[in-house]
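Notes to accompany the following structure.
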Amino acid sequence: MTPQGPEGYEMFEYEMHQLRAAELTREADRRRLVREARRVRTAARPSARDEAEGRVSAPAWKARPARTT
């Protein structure tokens, strides 16, 4: 086993830097994809402002039958 000179350490540091840069690029791409998917999903969802009528529910007094005497 021969001791490595400074060139060997520099090469190791350079390779580590390249691996970290590639990892950061992949992470940025993944986050960008998630943001885009959320934006598309939100845009596809109908909003309450776009609907002619919002959700309508009958009042409680209409749900009961009329009283007969």
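The values are calculated or read from the model by the stated rules, or taken from the named source; none is laboratory data. Nothing here was measured: the structure is a model prediction, and the numbers come from that model. So basically every Cβ, Gly included, is an ideal-geometry build from the backbone, and we count neighbours across all protein chains shown. Please note that ligands, DNA and RNA were not included when accessible areas were found on the heavy atoms of the full protein model with its side chains. Shrake-Rupley method; radii C 1.70, N 1.55, O 1.52, S 1.80 Å.
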For this session: Considering only residues that are modelled with pLDDT under 65 and of a type in the set (A, V, I, L, M), look in region 33-57 and name the one that is surrounded by the most Cβ atoms within 10 Å (Cβ to Cβ).
Result: ALA48
For this session: State whether the residues of region 10-32 include one that is basic (Lys, Arg), at pLDDT below 65 and open to solvent by 100 Å² or more (accessible area, probe 1.4 Å).
Result: no
